[in-house]
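The values are calculated or read from the model by the stated rules, or taken from the named source; none is laboratory data. Computed from a predicted model, the values in this text were never measured in an experiment. Don't worry about glycine lacking a Cβ; one is built from the backbone with ideal geometry, like all the others, and counts go over all protein chains shown.
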Ligand SMILES: O=C(O)c1ccc(O)c(O)c1
Ligand SMILES: [Mg+2]
């Protein structure tokens, strides 16, 4: 199907918006009046620019407060409309959106609304223009799609149809089955937006929190299925008012937007994409570091052994059980020091995984490898983390065995990876991991940091062998908040923590108040509490089991967590995160880094 995006969904000047939409692969745009008014380009130049970029102008919008008003007011509205139709003629746009009136002058009279819309459509017809009437969820007298359709039906004019907007329909909880009662050719336009399920004033909700389909809580795909059954053949068009997208760079937002429509079309059976290939484990996590010494010291204290070295690159493999950490000392030294730069995902079909990623507009990374190295398919996640799809263990043949003392046996694998997202890429990151990797997003949780509020959302595969926690702050944040971490699974966190400390590692100290509170919340023995206090072990329970975990010091942007999940605990200790973050801030204040 054709895809389109409203210019209001992207940041920048009209030219920047059009360029971003075109580059991301959209076929057309809805031009928002404000973007046109603020543009130095003439309508003819905008038309030419769109044509050069391969974009059609699918809609001009909005016209407001047109219908069900006193005659003198309506005469003024027609005068205004004539101007806009002349403008649209110059633009080469053939459909205008009229949204239901919010004016105090409007009366509750469907017959009058229909009669006036009929007159407007008559005028539009002279210009070869179609009028699409849309119910705003907060319209004064018309606020539901079925009501708007009844008025359009009554008006019975060939150049008058309706515009359906998923936000207005789903935010009001309307019954979407009724969409199928509208003949497809009378649906002149379809606007799509999702939104998080918030209990708030619907106008504020719409103007600030809309997001792309698949990023919120609405069943947008379900609505689209009903629309397609009517025979609707127009574009799928995104109309997203969102405070974050208004501020973020237009290019990546447009790609995120187009990806959401690809996923949506797949969901409704309107497009076939390569099937998702869900990763079956974490092959490795790769740290890039300007200075190996502190990283080596930390890994050694955690019980890892340096088992192998890459044949052609300055990369060492550290291993303990099935946990594998690559330490890369070149070529690019990251700003902010050591960071988690790449994740190797065990994949049943790496080539197919990369094909899907590419089809969903993920940047495919050039293979930086020597001729004899195993080929690795890799893409970049929205935060820049490189994701390698590893089939079998062939990647390990690129490494030469190093003599080493055996690793400890406390850690058996990587439990999860926590990646902090740039503040304007959070919704994109969730949709990316879900659609590209086929991982399931868990509930989003809020976490209080002493200097801000964070949001965290995990994405996992079915058996929990791949878990990635995505975290974001509301605004650009400091280094503590930006830290990433690798959580290591152990069957005995107490033994692992002790061993780490005896080997010279520093555990993150946890305030006594935390453990006093644990004593109040859970029936733990004094002995247990004493051990937890001593080692800085945090504790949580969910409906399934118990979670105990502790943290190492931070190197650059990275720290480690030792975690013990018992009896199928499913979470990540989110309830303890504020204490952990405060302790990390405090530690930083003491050590200065
Ligand atoms: O918020 C608004 O005013 C507005 C305008 C035009 C639309 O198509 C819409 O869905 C909302
Ligand atoms: Mg709309």
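Inclusion of residue 105 among residues that are free of Cβ contacts under 8 Å to residues at least 60 places away in the same chain, crowded, with 19+ Cβ neighbours inside 10 Å and over 18 Å from residue 58 (Cα atoms) is not warranted. The sole residue among 323, 305 that is within 17 Å of residue 399 (Cα to Cα), modelled with pLDDT of 95 or more, in the same structural domain as residue 395 (by TED's automatic domain parsing) and buried (at least 20 other Cβ atoms within 10 Å of the Cβ) is 323. Residue 485: within 25 Å of residue 565 (Cα to Cα), modelled with pLDDT of 95 or more, surrounded by 21 or more Cβ atoms within 10 Å (Cβ to Cβ) and not assigned by TED's automatic domain parsing to the domain that holds residue 260, yes or no? The answer is yes for residue 485. Residue 35 passes every criterion in (1) surrounded by fewer than 19 Cβ atoms within 10 Å (Cβ to Cβ); (2) within 30 Å of residue 268 (Cβ to Cβ) apart from (1). Of everything in the stretch 149-163, what is within 16 Å of ligand 1 (Cβ to nearest atom) and either touching a helix residue (DSSP H, G or I) at 6+ places or on another chain (Cβ under 6 Å) or under 12 Å from residue 131 (Cβ atoms) (or both)? Give them in sequence order. Correct list: 152, 161, 162, 163. Put simply, of 192, 87 the only residue that is in contact with a strand residue (DSSP E or B) (Cβ under 9 Å, 6 or more places away or on another chain) and surrounded by fewer than 22 Cβ atoms within 10 Å (Cβ to Cβ) is 87.
Among the residues making up the stretch 229-239, those that are crowded, with 20+ Cβ neighbours inside 10 Å, away from ligand 1 (no atom under 11 Å from the Cβ) and assigned to a loop (DSSP other than H, G, I, E, B) are 232, 234, 235.
Reported count of residues in the stretch 162-183, each being away from ligand 2 (no atom under 14 Å from the Cβ) and either closer than 22 Å to residue 63 by Cα or buried (at least 16 other Cβ atoms within 10 Å of the Cβ) (or both), is 4. Residues that are within 18 Å of residue 191 (Cα to Cα) and buried (at least 24 other Cβ atoms within 10 Å of the Cβ) within the stretch 264-280 comprise just one, 264.
The helices (runs of 4 or more DSSP H) falling completely within the stretch 479-593 that include 2 or more residues that are farther than 25 Å from residue 458 by Cβ and out of contact with any strand residue (DSSP E or B) (no Cβ under 7 Å at 6 or more places or on another chain) map to 493-502, 512-521, 526-535, 577-591.
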